[in-house]
Every structure is written in structure tokens, then in C-alpha cells.
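Below is one structure, written out as C-alpha cells; comments come after it.
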Amino acid sequence: MATLALRGLHKRFTGTVALDAIDVEVGSGEFFTLLGPSGCGKTTLLRTVAGFVRQDAGEVWIDGACVDPLSPDRRDTAMVFQDYAIFPHMTVGENVGFGLRTRGVARAEIARRVREALATVRLSGYESRMPHALSGGQQQRVGLARAMVVRPKVLLMDEPLSNLDAKLRVELREDIRDIQRSLGITTLYVTHDQEEALVVSDRICIMQGGRIEQVGAAWDVYKAPATRFVAGFVGSTNFIEHLPPAELETAVPDGQPLLRAVTAGSGGEALVAVRPEDVRLLPAQARPADMVVVRAVLEKVTFTGREALYLARVAGGPTLTVSEARPTREGLVEVGASVGLGLPLGALLYFDRATGARIGLG
Amino acid sequence: MTVPRVARLDLWRGVLLLAFAVVGLLLVYPLYNIFAASFLDNETGALTLANYRRVLGHPYYQTAIVNSLVIGLGGMVAAVALGVPLAYCVARHKVRGRAVITTLAILSLVSPPFIGAYAWITMLGSNGWLRGFLSDLGLELPSIYGPLGILLVFGLKFYPFVFLLTVGALNLVNASLEEAAENLGATGWRKLRMVTLPLVLPAVSAGALLAFVLSLADFGTPSILGRGYRVLSTTAYNLYTSEIGGNPGLASTASIVLIAISLVAVAAQKRLVARREYASALTRRPAVRSLEGVRSWVVHGLCYLIVGVSSLPSVVVVYNSFRNTSGPVFKPGLGLDSYRKVISDVPDAIVNSFAFSSAAVVLVVGLGTLIGYVLARRPGIAAGALDALLMIPYVVPGVVLGLGFVVSFNGPPIELVGTGAIIVLVIFIRRLPYSVRSSVSILRQIRASLEEAAINLGASPSRAFVKVTLPLMLPGVLAGAMMAFVTAINELSSSIILYVGGTVTMPVRIYLAVLDGEFGTAAALSTVLLVTTGVAVAIVLRVSESREGSFV
């Protein structure tokens, strides 16, 4: 168990900035996830920690020591690869024992720890199988066992689940979480799947264009996104550029910040955002006091089983997505119906139009 | 702050340096000497264009240039005419004995190059049994000597390149494309002409280019079958070795013209396939038709006729080796006389051939694998430059490189002429690019993450290479080594220039024996080569996953 600190990391590849002023502190035993779209620099950051990418500036500290002078084989990190990287010419047992052999562990000890590790990933008795006989999910379990059996200071995982099918992905991510927690290994995890990140992580670091947008627990990044990018990337969000005053039907007094923001249009300072599940679908006449109400026409209804998704168009304004959890057959609203969209004041987020940073309006 | 690079003895930088040194010494330096000699006056050493005026202006040399183009283009056309139909038959129809057809094609490809010339002389020469047989049937054939005979041998020798490459490409054409063509109304010949052939054009033209360049460069066949039909390779050789005053300046100029023609051909093929390399998603394998009735007879007949005739020389050679001879004449009865004679008279040739080839293969595979690794896994400016330099041997005929070696290593600082080493080295540098290229393609199939995983788990880079990458490369490397051995032991065109009495090899001895009319000796030695080649090919077929891929 060890801490991991990244200080002022910069990396340029020809023409593009891959890492830009990255500062991160990961606590001992923490499950820390790098989340972002492809090309955001998250894999580069992970490979910098492993030593496969050499930063142009900045330092990597593991367990209180700077590891920059150390080559990748001496950093005591263990990596789980996106394409498994299981050695095809070795048995499962030899694969899992590989890191122990390079560390000069005694044979009997290797056998014991390999057996234990395979039991942990629920592959007991697979020691002498060859990898090609295993399914993708089993191969990645071998990859996980091979990495954790050396008890590395930091466990690195590079999109370990992205080559697996949906059902397996959910199953294995639970395993990864449970194993990581029971062993207490400091873990740096890379993914582009926001749901995966929310489920497994202690803290999530959202990256874009080589920069960190926000670091925080799942609840924070979802409920209190620091930037417009985070709000759009984690979960889905309605961004409201402008609401025509004529369509507003509200009991909220004039001078309320939302009204100022949205009626000012692109000339105003703030962009308003609201999550689909926070928007309320109201009967035409309802006027709750804590909401701004907008008139809209339903354009599309999608039933996904768990929820109903409505697309509602505001005349001369945006089309908003509204999600209704646990819809009832009687409650489903028909396409073409006129509705009121309730935007609860407490659920609204405001972002600076220029910088994208979240701001409070008062 | 800037992080200093980890200081560590870098094996791969050392490999790059070694590779540049080797390529510089054994390739660039000899070719530079040839190039320079072509611009120098033999007597005065002054800079001159006289050699070029002579070679390009004098009818004697113009004839050689035209003849070279005739047999180059003719060999190419013959190879395509045999290779493409055979490929289409095998790839698109349920042909019986497909493995047999492929194996026979491979065997005629790798068999010693001049065996064809020799065998066809014993079949269709003035006393040939086949000529006599056909003459009895009232069929008089033109002489085997001259351009027709050369083209016959080249066509049957080089068609497997076109065949193997085209079959590979045809197997990668997505079935939906041909079905779409039929669905839109193009069937049969129209479908073939409008869709299928254009899709495999890059492969066909690559095979055609190989056939052209190799026909142009070949020395043994035109030398044995030419009889006054002079081409550039034989002309360069004669100019250099002529007993009454060799002419290195003119020999060099002829060599440069030869290289220039090859380069033009390479550029033309590149231009032809530019924008025609199609990425294909092979979601559905192409359809394979069942054969019935007449169609079945025609297709099977065509396939077996082509591979049968191209295998005929090997059969004839083996048979001849067991016939009794008296001097140049075959006599009735079978026996082991020729082998006894070979073992008592020319054991050197056999020993030399195996020793030189083995040494060359060890060098080729050792350095080729390491260079291949650098090119595949450590790309950079230096690696790119090395890659480009390694293209050179593809367009430099063996005779030319042999001449370059003689000119470059016949005195201090490096005196190698007359040694076995010079023959080993010329084979080594000629074969090195093939080994590098095959290592690169082997490595492309081994994901780089495997090695990273090993390093990440604590293995040093060299240990990761040895424990993970090398074992995975081994089958491919072994196949490559066997192929290198086959070409090494069959090498004639460079060793004919570099050999001396003590370093004679089997191909050289066979060549001399054919010229002297010792057909029994030639047949016995050729059989030894054939059997060796066959064993090597069998090993390749055993260890490599893609049967055809290893040979082209």
C-alpha cells in the first residue's frame, strides 16, 4: 500500500498536448479513476506512471519517493491491459507467476500465491490451462490475478473491461471493486465509461484535452459538476441557451437569476443546465412556487423500461429531455400534447459562458 | 523541470549502429564503387561519360538492353498468364488436391533456378527425348536455345509468385462484393473483369514485378540457354571476366543500366497500385464453387497441367541422376555412377555449399531478427533510413553485387577475394532484407502490450524480449531461416563471379558441368540441392501457419 502523487506533469506528442499541468494526489488504498473521452490523455497519464511514457516535465512519486529515475521494470506498479496481454505461450499458472519469478520469489511460495490469486479471481484449478482456451472474461481475470499477485505499490488498469460484452463488464467490475477493497491496493483506473467510473471509484478525475476538469467522489461530479464539460460528460444534461419570455409561465418573481440568465440569451453571462430527471412534467395549469414553468409541446416519447424519456420542444427555444422514473401506462403523455416543464430552482446549474466553470448566481 | 532520460545500455541502439555499419560496408560501398567505375576511364581513371555513350549507343550493347527487356517483360507476361488463371481456379472452385497444387507450385518456385534450363535441354535440346517423341508425332518444335526457351523456363519458374500472391488476395475479397456485382447484373467474365480482378490488382502486379525483376536479373538461365542471345546480366559478367582484357568500366555501366531498369519497374508498379490498395473487411469468406462435368475437367486439367509441367524439370533431373552416362551421353540402364563420380570428384562443392549457406543463414537470421525488431518496435528516423537502404538488394542483380564485391574487397584494407567469407557475406547481404521483412511481419502479429506486461511485472527489457517476444517469434524465425537457407544454397549469380577453385559451390559446379556437357554430374548435384530444398520447405510448411505467405 502506498500513496501516488503526480506533480506538474506535462507531455507533448508531436502537435498535441497530451498532459497539461497534471497535479493529483492519490491516497493509500484509494480507488482512483481517470475518466474522459478518447484522446483526453488518461491513458498517457497511466502509462507515465508505469514508466512507458516519459513526461516532458513534472514528477511521479510513489510511496513518498520520486520514481522518475526508475525504468518501468523497477517501479513496482502492476498493470492490467485493455487487450489482456496474456502471454500466449505460457500456462495460466506461469502467466500469474511471471512477476513473482522476476522478483526472485521461491518456487513453493510462487505456487502458493498463484493458487491463492487464482482463487481470488474465481479461476481455481486453471493453473495448467493454456490461455487460448479461455474466454475474454477469464483471460482478463488472469490479467487481474497476474497484476495483484505481486502486491504492487500501485495497481494500474487501462480500460480493462472495454473489450468485454456488457453483461460480463458489469460482473467483472464488481469483482474488481471487491478485490481491490479487500486487498487495499492503491489503484489507478482508466475508463471512458462514466457509469463504470461512478460505480467502482472512491474518487474520479475527469480529464479533457490533457487537463483535469474535476476531481471528486461520484456524488460530487454528478451532483456538483465543476465545469460545463463535466456536466455534459457525466450523465446527460439539458443545456439551455435561451428561453423566449413569451413561453414562460411562472410564479417566480422577476429578477430571479434563472430568468435573468435565460431571457438574456447568448448575451448573458451564464448558461443554465438541468438534468433530465430533475425536470418535471406538469399538467397545463400547475404553477408550483419553487419552479420556473415553461410551455412546451411533446415531440417524442421513448420507453426504456426503467424510465420514460420525453423530448419536449419550447416554441422558439430549445428542445429539452425529460426523464420520468417508474412511469405508469396511464401516466404516459401522448406526442403532440401541450405540457408545462417545471424547472426546480434548487436543481439548476449555472456555467460561465466564456470559461465553462460553474458559477453561483445570486 | 525537465526529466533526464534514464541512462541504460541500449541494446537496440547498438543494433542500429551495427546494421548501418554492415549495410554501409556490404551494400552501399560495393555499389558506390560500381557506380563510380561506370563514370571512370579504365586506363586513365579520368571522369568520363564514354562508358554510357558506348553502352547506350553501340548496337552490341543496345541489343543486350533490348533482349533484357524482352525476357524481363516476356517472363513477366508468361508468369502472369500462368499464375492468375491458376489462382482463380484454385481460389474460387472446389479443386481436388489443392494442397498438392500449392505444394508443387512452391517447390518449383524454390527449386534451384538453373535446373529448369538444364532439364529442358535434356528434354527439348537437339537430342532431347521429348523433342524426339514429339517429332515422331509430326510435331517439330522451335529450338530450345534462344529467347523462347528462356521465356519457357522463366514463365514456369516465376508464375508461383503471381499465383501465391493472387490466391492470397482472392481469399480476402469479401463475398458480398462479388454478390453485389452479380446482383447489379455483372456475372461471369464481366464480374471478373469489373470487380474481382481490379480488387486483386495490387497482388497481381506485385507478383508481376517480382517476375520481371528476377527475370531481368537471372544469370544462369540466359547463360545456359542463350547461345548468342545476349542479355545485360550475361554481358556484364562477360565484360568483367573476359580473358582478353576485362573491361570493368563497361561492366559497371551495364550493371547500372540493369539496376535503373529494375528501379523504373518498381516505380511503375508503385504508381499503378497507388490509390488502389483497398482495406478489406473480410466479414464473409468468398464463395467456392463446386465443379461438375466438362467444367470440372477443364479446371482440373488446367491446374494440374500448369503445376505438372513446372514440376517436370525436377522429376527429369532426379531421373537423369540415376541414369548411366559416358561423358556427356546418357546410356541405357540405371545406377549410382553419377553420385559416385560427384562424391569422388567434387566433394568440395557439397561441403562448401552447406558450410557457406549455414554460416550465411546464422548471420542473416541473427541480424535480420534484431533489425526487424528495431524497425517494428522502435521506429524513428534512423530506423526509417535503414528500412529504405534495405530495399536496395531487391533491385540489385546478384551478378552486379558480385562485381561490386570483387571491386571493393580485392585488396587492402579489406582483402576477401578468393575466400569463402566473401561468398558467405554476399549471400548474407542479399538475403538480409527478406529476413528483416519477415521478422517485421511476425512482430506485427505479436502485440506490443505483451512485452510491456513483462516489463511492468519487473522483467528487464532484454529479459522481456528473451522470455516473451522471442519464443513467440520462433516459429516464424525458423521458417524464415529455412527460406534463407534455400535461397543461399541455390545462389548462383553472385557466387559465379566470386568463386575460386577452393570455394566452388554446388550451383556453380552444376553450371560448369552443364556448360561442359557433364549431364550426369549436373543431375546428381542438382538432386542433392533439390532434396535439401525439399526438406527445408517441408520444415517451413510444418512450422508456419500461413502456408503460402512464407514463400513470397
Residue B:29 passes all but one of (1) in contact with a Ser or Thr (Cβ under 9 Å, 6 or more places away or on another chain); (2) free of Cβ contacts under 8 Å to residues at least 40 places away in the same chain; which number fails?
-> (2)
Flag if residue A:94 is free of Cβ contacts under 8 Å to residues at least 12 places away in the same chain and either aromatic (Phe, Trp, Tyr) or surrounded by 17 or more Cβ atoms within 10 Å (Cβ to Cβ) (or both) = yes
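If we scan segment B:104-115, do we find a residue that is among the β-branched types (Val, Ile, Thr) and open to solvent by 50 Å² or more (accessible area, probe 1.4 Å)?
Start the filter on segment B:104-115 by keeping residues that are among the β-branched types (Val, Ile, Thr), which leaves B:106, B:110, B:115.
Okay, now just the ones that are also open to solvent by 50 Å² or more (accessible area, probe 1.4 Å), so none.
Within segment B:104-115, not a single residue is among the β-branched types (Val, Ile, Thr) and open to solvent by 50 Å² or more (accessible area, probe 1.4 Å).
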Can you name the number of the only condition in (1) open to solvent by 10 Å² or more (accessible area, probe 1.4 Å); (2) more than 14 Å from chain A (Cβ to nearest Cβ); (3) not polar (S, T, N, Q) that residue B:446 fails?
-> (2)
On the given criteria, is residue B:134 open to solvent by less than 50 Å² (accessible area, probe 1.4 Å) and either more than 30 Å from residue B:492 (Cα to Cα) or outside the structural domain of residue B:307 (by TED's automatic domain parsing) (or both)?
-> yes
Just need a number here: residues in segment B:455-469 that are more than 7 Å from every other protein chain (Cβ to nearest Cβ) and free of Cβ contacts under 8 Å to residues at least 24 places away in the same chain.
-> 4
Count of segment B:447-458 residues which are more than 12 Å from residue A:87 (Cβ to Cβ) and modelled with pLDDT under 90 = 1
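Quick one: is residue B:461 surrounded by 17 or more Cβ atoms within 10 Å (Cβ to Cβ) and at pLDDT 90 or above?
On the way: surrounded by 17 or more Cβ atoms within 10 Å (Cβ to Cβ): yes; at pLDDT 90 or above: no.
Against the criterion (surrounded by 17 or more Cβ atoms within 10 Å (Cβ to Cβ) and at pLDDT 90 or above), residue B:461 does not qualify.
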Output the residues belonging to segment B:117-131 that are of a type outside the set (D, E, K, R) and either free of Cβ contacts under 8 Å to residues at least 60 places away in the same chain or open to solvent by 10 Å² or more (accessible area, probe 1.4 Å) (or both).
-> B:120, B:121, B:122, B:124, B:125, B:126, B:127, B:128, B:129, B:130
Residue list for segment A:62-90, restricted to those being crowded, with 17+ Cβ neighbours inside 10 Å and more than 10 Å from chain B (Cβ to nearest Cβ) | A:62, A:67
Failed criterion for residue A:118 (all others in (1) assigned to a helix (DSSP H, G or I); (2) open to solvent by 20 Å² or more (accessible area, probe 1.4 Å); (3) more than 30 Å from residue A:6 (Cα to Cα) hold) = (2)
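Here's the yes/no breakdown for (1) more than 14 Å from chain B (Cβ to nearest Cβ); (2) part of a loop (DSSP other than H, G, I, E, B):
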site: A:21; (1), (2): no, no
site: A:25; (1), (2): yes, no
site: A:29; (1), (2): yes, yes
site: A:45; (1), (2): yes, no
site: A:48; (1), (2): no, no
site: A:53; (1), (2): no, yes
site: A:58; (1), (2): no, no
Per the filter on segment B:409-426, residues open to solvent by 10 Å² or more (accessible area, probe 1.4 Å) and in a helix (DSSP H, G or I) are B:420, B:421, B:424, B:425
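Looking at this structure, is residue A:261 at pLDDT below 85 and surrounded by 13 or more Cβ atoms within 10 Å (Cβ to Cβ)? Outline the logic, then answer.
Working: at pLDDT below 85: yes; surrounded by 13 or more Cβ atoms within 10 Å (Cβ to Cβ): yes.
Judged against the criteria, residue A:261 is a match.
Can you confirm whether segment A:117-134 contains a residue that is at the interface with another protein chain (Cβ under 9 Å from one of its Cβ atoms), among the basic types (Lys, Arg) and in contact (Cβ under 8 Å) with a residue 12 or more places away in the chain? Steps first, answer last, please.
As a first pass, look at segment A:117-134 and keep what is at the interface with another protein chain (Cβ under 9 Å from one of its Cβ atoms): none.
Looking through segment A:117-134, none of the residues is at the interface with another protein chain (Cβ under 9 Å from one of its Cβ atoms), among the basic types (Lys, Arg) and in contact (Cβ under 8 Å) with a residue 12 or more places away in the chain.
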Among (1) surrounded by fewer than 22 Cβ atoms within 10 Å (Cβ to Cβ); (2) touching a helix residue (DSSP H, G or I) at 6+ places or on another chain (Cβ under 7 Å); (3) of a type outside the set (A, V, I, L, M), the one test that residue B:326 misses | (2)
Residue in segment B:344-394 that is most open to solvent (accessible area, probe 1.4 Å), counting only those that are charged (D, E, K, R) and closer than 22 Å to residue B:465 by Cα | B:378
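Output the residue which, of all residues in segment A:91-103 that are in contact with a helix residue (DSSP H, G or I) (Cβ under 7 Å, 6 or more places away or on another chain) and of a type outside the set (Phe, Trp, Tyr), is nearest to the other protein chains (Cβ to nearest Cβ). Can you show your working first?
Of the residues in segment A:91-103, the ones in contact with a helix residue (DSSP H, G or I) (Cβ under 7 Å, 6 or more places away or on another chain) are A:92-93, A:95-101.
Narrowing the set further to residues that are of a type outside the set (Phe, Trp, Tyr) leaves A:92-93, A:95-97, A:99-101.
Numbers: A:92: 14, A:93: 15, A:95: 9, A:96: 10, A:97: 10, A:99: 3, A:100: 9, A:101: 9 Å.
Residue satisfying both the conditions and the ranking: A:99.
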Which numbered condition trips up residue B:96, out of (1) in a helix (DSSP H, G or I); (2) surrounded by fewer than 20 Cβ atoms within 10 Å (Cβ to Cβ)?
-> (1)
Selected residue [within 26 Å of the chain's Cα centre (by Cα) and more than 14 Å from every other protein chain (Cβ to nearest Cβ)] from B:46, B:50, B:37, B:81 | B:81
Checking residue B:478 against (1) over 23 Å from residue B:211 (Cα atoms); (2) touching a Phe, Trp or Tyr at 6+ places or on another chain (Cβ under 7 Å); (3) modelled with pLDDT under 90, which test does it fail?
-> (2)
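Looking at the structure I just gave you, is residue A:302 among the polar types (S, T, N, Q), more than 25 Å from the chain's Cα centre (by Cα) and within 23 Å of residue A:222 (Cα to Cα)?
Details: among the polar types (S, T, N, Q): yes; more than 25 Å from the chain's Cα centre (by Cα): yes; within 23 Å of residue A:222 (Cα to Cα): no.
For residue A:302, the condition - among the polar types (S, T, N, Q), more than 25 Å from the chain's Cα centre (by Cα) and within 23 Å of residue A:222 (Cα to Cα) - is not met.
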For segment A:12-55, which residues satisfy the criterion of being open to solvent by 30 Å² or more (accessible area, probe 1.4 Å) and of a type in the set (D, E, K, R)?
-> A:12, A:20, A:23, A:25, A:47, A:54
In segment A:144-175, residues that are of a type in the set (Gly, Ala, Ser) and closer than 27 Å to residue A:104 by Cβ total 2
Provide a single number: the residues in segment A:35-52 that are more than 17 Å from residue A:78 (Cβ to Cβ) and among the β-branched types (Val, Ile, Thr).
-> 1
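The values are calculated or read from the model by the stated rules, or taken from the named source; none is laboratory data. This structure is a prediction, so every number in the text was calculated from the model and none was measured. Don't worry about glycine lacking a Cβ; one is built from the backbone with ideal geometry, like all the others, and counts go over all protein chains shown. SASA here: full protein model, heavy atoms, side chains in, ligands and nucleic acids out. Shrake-Rupley method; radii C 1.70, N 1.55, O 1.52, S 1.80 Å.
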